[in-house]
1. Looking at the stretch 38-190 only, what percent of DSSP beta bridges run antiparallel? Nearest 5 please.
2. May I ask you to list the GluC sites (Glu not before Pro) in the stretch 59-143 that are in a DSSP loop and have at most 12 other Cβ atoms within 10 Å of their Cβ?
3. Taking 7 Å along the Cα-to-C-beta vector as the label spot, tell me the Thr30-Val175 distance in nanometres, rounded to one decimal.
4. Taking the Cβ of Leu103 as the centre, find all other residues whose Cβ is under 12 Å away and add up their charges (Lys, Arg: +1; Asp, Glu: -1).
5. For the stretch 1-82, what ratio Rg/Rh do Cα atoms give with a Kirkwood hydrodynamic radius?
6. Pairs Lys63/Lys173; Lys22/Lys190; Lys7/Lys74; Lys106/Lys189; Lys7/Lys47: which exceed 29 Å Cα-Cα?
7. Would you mind counting up the charge near Leu84? Only other residues with Cβ under 9 Å from its Cβ, with Lys and Arg at +1 and Asp and Glu at -1.
8. Taking a probe of 1.4 Å, how large is the accessible area per residue of the chain, in Å²?
Amino acid sequence: MTKKGAKNMLYLVRHGQTDWNKNGLVQGQTDISLNSTGVEQAQALAKRFQKENIDVIYASDLKRAYGTAEEIAKVKNMRVSEGLRELRERSFGELEGAEIPLLQEKFPNLGTDWKEDLPLNIESLGNMQKRMVKELTNIMTNHQGEDVLVVSHGAAINVFIHYVTSGENGTGKMVLANTAVSTFTFENKKWAIGTLNDASHWIKEAKSS
């Protein structure tokens, strides 16, 4: 039920670790599952949200994001509402599966270059930002006054942070940790930033284990 007159709260979360993360490979939209550490991170994240109010959960349709969302849904006795293609990671085209240093060597400014025309079928930052802003705005508009959790990907979340902060943070300035949480409010069709890149749930879990 929509809570009239309340702000929309968005919890925007990066997925847990995969073997490709661990081995420094470019994932993009290649559909890689969580590894054992990633599952543990997602479970620690789920504990964090156990007592938080969450009305609806969405995720990218890629396994690593959807699987992370499912761990949260379990402890909340909920289900993931939908896996959405528009919430996917940036497509790195023909370079997916390559080692990250090779990508950085070939395209040293790829993470900060906003040109629309890129080689090797690499998605532009602008296109990724447009689809993320549109989809997240649609989700929050459809859940007015509700608290929404969305699991997506590092580069995709960073371009959204870049949009909300007018370039002061996000793309080119921040590396998001696996299962890091960033928060936003959406009120009167305007976004505001809350916390950024909070992975304290995993740091505490790692220290205690």
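The values are calculated or read from the model by the stated rules, or taken from the named source; none is laboratory data. Computed from a predicted structure; not experimentally measured. Cβ sites come from the backbone with ideal geometry, for glycine too, and all protein chains shown count toward neighbours. For accessibility, only protein heavy atoms count, side chains too; no ligands or nucleic acids. Shrake-Rupley method; radii C 1.70, N 1.55, O 1.52, S 1.80 Å.
1. Bridges in the stretch 38-190 that DSSP calls antiparallel: roughly 10 percent.
2. Here the sparse-neighbourhood loop sites are Glu116.
3. 1.9 nm
4. Residues close to Leu103 contribute a combined charge of -2.
5. Reported Rg/Rh (Cα atoms, Kirkwood Rh): 1.02.
6. Listed pairs above 29 Å: Lys22/Lys190; Lys106/Lys189.
7. Residues near Leu84 contribute -2 overall.
8. Per residue, the chain has 50 Å² of solvent-accessible surface.
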